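Taking it in order: structure first as structure tokens, then the write-up.
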Amino acid sequence: MESYRHSSHTTSDKFPIVKDKLLLLLLSLAVLGAILQITVGGVVRVTGSGDGCPDWPTCYGQWIPPLDQQTIDKLWTGSPTSIPRPHHVLLEYSHRSIGTLLGLTIVAAVVRLWLPTPIRISRSMARKCGTWFDRHSWNARWFGGTERPGPGTSNYTSISS
């Protein structure tokens, strides 16, 4: 008698998505991320943390928000009676971060669905992407450096160079 593992039910072409482990992982992460996003969003709503970060996409003009009360007090531009506490800032920033990661996960899943076969990235291409990332301002903004030269300046280097 044939075991269930080797039966025709598990190799059916009726559900080809089951065979794509990367897609299953991305979709599973998206479902878990959506549940987490809804949960944290509820906590943000109940605690009144929605004003924890007064601007977007940054928080107090920084990519990583301040989590000490003195810095928040200095940077707050709203009403003095509604200055958020550090836990409000952390909750709101976490909600934003989860939403960003969830969005990227969903985009990755959609891209994976559109592609007939997985993309193989060569070491050379990975190196070029890393060099491009290093030379552009996202690296400087995320890690606290200064702005790097952009298009139209003599120091600008594209990926093809």
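Say we look at the range 32-76 and pick out the residues that are surrounded by fewer than 16 Cβ atoms within 10 Å (Cβ to Cβ) and of a type in the set (Ser, Thr, Tyr); which of these is modelled with the highest pLDDT?
THR39
Any residue in the range 61-75 that is within 12 Å of ARG85 (Cβ to Cβ) sitting within a Cβ distance under 8 Å of a residue that is in a loop (DSSP other than H, G, I, E, B) and of a type in the set (A, V, I, L, M, F, W, C)? List the pairs, counting only those 6 or more apart or interchain.
Within 8 Å, the pairs are ILE72/ILE83; ASP73/ILE83.
Any idea which residue in the range 77-125 is modelled with the lowest pLDDT, counting only those that are within 21 Å of PRO65 (Cβ to Cβ) and among the basic types (Lys, Arg)?
Among them, the one singled out is ARG85.
All but one of (1) surrounded by 15 or more Cβ atoms within 10 Å (Cβ to Cβ); (2) in contact (Cβ under 8 Å) with a residue 12 or more places away in the chain; (3) part of a helix (DSSP H, G or I) hold for PRO84; which doesn't?
Of (1) surrounded by 15 or more Cβ atoms within 10 Å (Cβ to Cβ); (2) in contact (Cβ under 8 Å) with a residue 12 or more places away in the chain; (3) part of a helix (DSSP H, G or I), only one is false for PRO84: (3).
The values are calculated or read from the model by the stated rules, or taken from the named source; none is laboratory data. Bear in mind that the values here come from a model prediction, so they are computed numbers and not experimental data. Note that each Cβ is placed from the backbone with ideal geometry, even for glycine, and that neighbours are counted across all protein chains shown.
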